[in-house]
Amino acid sequence: MDVTRGKTPTAQETFAQMAQAAGLRGRILVTLGILMLARLGIFIPVPGIDRAAFAASIAQNPVIGFLDIFAGGGLSTLGIFALGILPYINASIILQILAAAVPALERLQKEEGEAGRRKISQITRYVALGWAILQSTLLASTWVRPFAYNFGLLFVVKTALVLTAGSMFVLWLGELVTERGIGNGASLLIFVSIVSGLPVSINRTTEWIKSGGNVGSVVILLLSFLAMIVGIVFVQEGIRRIPIVSARRQVGRKFYREQQSYLPLRLNQGNVMPIIFASAMLVVPASLAQFTANPALIQVATYLSPTGPLPVLYVLFYLTLILMFSYFYTSLVMNPVDVAQNLKKMGSSIPGIRPGKATSEYLEKVLNRLTFLGAVFLGLVAILPTAVESGTRVTTFQGFGATSLLIIVGVAIDTAKQVQTFVISQRYEGMVKQ
């Protein structure tokens, strides 16, 4: 097989390596087997619950509907893997926020290298365990309570234990995919959970067309999804390259010339997180109104609903939240002051910008502009599916919105890069053997 040495593997070379190279083929088969096992657990029922009545009652529940996206339908079906990877996602978000506020965690993340990252991962697992216990206990004692055959303390304990154990098992499966599969274990579990809902949506769409639905409206909806996917790929891969020059330096008797490189700043630093945070904030009023039955909260939840009397208010509030959380998450993942200090320590600088404070101010200015553009794009992606569904009146893909598209495209891009990395590593192994 001809290989393009020194270049990114072509699609033909990648597929050939997937079929021929035993190492990569084994990793892919391990990944597929683990993902199928993770899906199987969703359909193994938690005992002692009327699942059909539970699924019918929460069909219009905004809280369960939002969380069910990441659980792959596990929450609505109440399988033993109902919580899925949700506690780990929550724990990761909590640790990211705490790392910016707690100096000890910040030192572990930035100064301790690989050992610090392993420590952060261990803490994240413990937080995920605590979060799983909390979520499973609340689920068993509140939402599931009316549908339990014999509700009591023993039922709550057994149900919480089953759901917590299932969540931890899914977390372990994700780590197995990362270590022995093709990588990105947690992301792939979320990816599979979202994609698993597509056959149901396609079946609903087919039945809707057979019952007299407009085929043109479905085509318009699918074309809008395709356009969004193309836009997401461009924005996810969009990078602003800040040129960096390393000063001449002497090591022993050798002089090293100036070296030019660049600092990559992503257009969308926060990825899908701003939309997840904004969607969660919009779900809070509806969930509080449902639990408390407070008239004021019910009215607020009605106005902050896309089907409420003022959809414009919902759109403006949603876009504002996305903009706020975009800036917030960007400040968590990248600190211009730290970057400027690191550049100064390495003897590097941005051409035309003085090292130190001037560099941090310049980087902050560039980041603010990029974050604003990224937030505008995220806002368009978040609003467009709902707008197209309202215009075409095709609601069969309801729930498969901006968050799902961003996660699917982002994970697909990362996984493709991971597979290409394995192809490149095996290519160079072959060169060494030759």
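Structure above, values below:
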read-out	value
Yes/no for Leu310 being within 18 Å of Ala387 (Cβ to Cβ) and either at pLDDT below 75 or among the polar types (S, T, N, Q) (or both)	yes
Whichever residue in region 284-296 is crowded, with 19+ Cβ neighbours inside 10 Å and within 30 Å of Phe372 (Cβ to Cβ) and, among such residues, is modelled with the highest pLDDT	Pro285
Criterion: modelled with pLDDT of 70 or more, of a type in the set (Val, Ile, Thr) and over 25 Å from Leu380 (Cβ atoms) - qualifying residue of Val432, Val419	Val419
In region 109-121, the residues that are over 17 Å from Asn342 (Cβ atoms), of a type outside the set (Lys, Arg) and touching a helix residue (DSSP H, G or I) at 6+ places or on another chain (Cβ under 7 Å)	Ile120
Any hit, region 174-183, residues being assigned to a helix (DSSP H, G or I), at pLDDT 85 or above and either out of contact with any helix residue (DSSP H, G or I) (no Cβ under 7 Å at 6 or more places or on another chain) or of a type in the set (Lys, Arg) (or both)	yes
Residue satisfying all of: in region 163-208; among the acidic types (Asp, Glu) and within 26 Å of Val423 (Cβ to Cβ); farthest from the chain's Cα centre (by Cα) among these	Glu179
Every pair of residues 6+ apart whose Cβ atoms lie under 7 Å, when the first sits in region 221-244 and is in contact (Cβ under 8 Å) with a residue 12 or more places away in the chain and polar (S, T, N, Q) while the second is surrounded by fewer than 16 Cβ atoms within 10 Å (Cβ to Cβ) and in a helix (DSSP H, G or I)	Gln236/Ile413
Test: residue in region 363-381 that is part of a helix (DSSP H, G or I), of a type in the set (Ser, Thr, Tyr), closer than 27 Å to Leu265 by Cβ and modelled with pLDDT under 85	no
Of residues in region 209-237 being of a type in the set (S, T, N, Q) and more than 11 Å from Thr392 (Cβ to Cβ), the one modelled with the highest pLDDT	Ser211
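One line per residue, one yes/no per condition, for (1) without any contact (Cβ under 8 Å) to a residue 24 or more places away in the chain; (2) of a type outside the set (Lys, Arg); (3) closer than 30 Å to Met346 by Cα:
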| residue | (1), (2), (3) |
| --- | --- |
| Lys357 | yes, no, yes |
| Lys365 | yes, no, yes |
| Arg369 | yes, no, yes |
| Leu378 | no, yes, no |
| Val381 | no, yes, no |
| Ala387 | yes, yes, no |
| Thr392 | no, yes, no |
| Thr396 | no, yes, no |
| Leu406 | no, yes, no |
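Table: residues versus (1) assigned to a loop (DSSP other than H, G, I, E, B); (2) within 19 Å of Leu138 (Cβ to Cβ); (3) modelled with pLDDT of 85 or more; (4) not acidic (Asp, Glu).
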residue	(1), (2), (3), (4)
Gln60	yes, no, no, yes
Leu67	no, yes, no, yes
Tyr88	no, yes, yes, yes
Ala91	no, yes, yes, yes
Gly116	no, no, no, yes
Gln122	no, no, yes, yes
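The values are calculated or read from the model by the stated rules, or taken from the named source; none is laboratory data. On a predicted model such as this, the values are computed, not experimentally measured, just so you know. For neighbour counting, all protein chains shown are included, and Cβ atoms are generated from backbone atoms with ideal geometry for every residue, glycine included.
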